[in-house]
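In what follows, a structure is listed as structure tokens, so that the remarks can point back to it.
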Amino acid sequence: MRRAVCPGSFDPVTNGHVDVITRAAALYDELVVAVLVNPGKAGLFDVDERMELLRRAVEACPNVTVTSFSGLLVDWCRSHDVPVIVKGLRAVGDFEYELQMAQMNRELAGIETLFVPTAPQVGHLSSSLVKQIARFGGDVSSLVPRAVNDRLVARFTEGEQS
């Protein structure tokens, strides 16, 4: 069985993430989407919310599962017998950073990395930009899955009322 993992913070998941996940899922028998647990960094959504939103965003892909991890990704890969990491690339800057990580992951654990360039129509998306636009009342409905948009609107509407 061909297995891979697509890691990230997904705070929140965007249509760019969904593009990469959907395309990678077509290449593997099983694709695990793994949400990074970073106790030192407070996200807009907690890990359970991010996992729920991811599951809803990829429910059309039956071979995709969603989980979380902490620590080194290569350690998680070894303990779950996953030989490939899938990373989405938006820009040249992404490639430089991700190439260095891929080389280190191969050196540390023999884990390969597959780079999937985002589709042009979603290549500009990032979770931080989406949050910033939503925080100031901008419409992000075309940038994120519907459940994410609903949650962002609710989160920032609640914040205004407090």
Quick tally, 1.4 Å probe accessible area for Glu52, Glu158, sorted with the most first, runs Glu158, Glu52
Could you compute how much accessible surface Glu30 exposes when probed at 1.4 Å, giving the result in Å² to the nearest 10?
40 Å²
To the nearest 10 degrees, how steeply does helix 146-161 sit against the main Cα axis of the chain, on a 0 to 90 scale?
50 degrees
Beta bridges per DSSP with both ends in the chain, % antiparallel, nearest 5
0 percent
What is the percent of Cα-Cα separations in the chain that go past 19 Å?
55 percent
Protein accessible area in the chain, 1.4 Å probe - carbon and sulfur %
53 percent
Among Asn63, Asn38, Asn149, which one moves the most in a GNM of the chain with springs linking Cα atoms closer than 10 Å?
Asn38
Using 7 Å Cα-to-Cβ label points, what is the Arg3/Arg146 separation (nm, one decimal)?
3.3 nm
Among Phe69, Phe136, Phe95, which one shows the biggest mean-square fluctuation in a GNM of the chain, springs joining Cα atoms closer than 10 Å?
Phe136
Angle, helix 15-25 long axis vs. longest principal axis of the chain, Cα atoms, 0 to 90°, nearest 10?
30 degrees
What is the gain in length, in nm to one decimal, between Gln100 and Arg78 on full extension, counting 0.36 nm per residue of separation less the C-alpha to C-alpha distance?
6.0 nm
Taking the chain as a Gaussian network, where each spring joins two C-alpha atoms under 10 Å apart, which residue of Leu89, Leu73, Leu99 fluctuates the most?
Leu99
Could you provide, to the nearest whole Å², the per residue accessible area of the chain with probe 1.4 Å?
55 Å²
Quick query: amide H of Cys6 versus all other amide H atoms, modeled in the peptide plane; which residues come in under 5 Å with a sequence gap of 5 or more or a different chain?
Val32, Val33, Ala34, Val86
Express in Å², to the nearest 10, the accessible area of Thr113 obtained by rolling a 1.4 Å probe over the protein heavy atoms while all chains stay in place.
40 Å²
Heavy-atom accessible area of Tyr28, protein chains in place, probe 1.4 angstrom, given in Å² to nearest 10, is 40 Å²
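The values are calculated or read from the model by the stated rules, or taken from the named source; none is laboratory data. Not measured: the values here are computed from a predicted model. Note that we place each Cβ from the backbone using ideal geometry, even for glycine, and neighbour counts take in every protein chain shown. Accessible surface areas use protein heavy atoms only, side chains included; no ligands, DNA or RNA. Shrake-Rupley method; radii C 1.70, N 1.55, O 1.52, S 1.80 Å.
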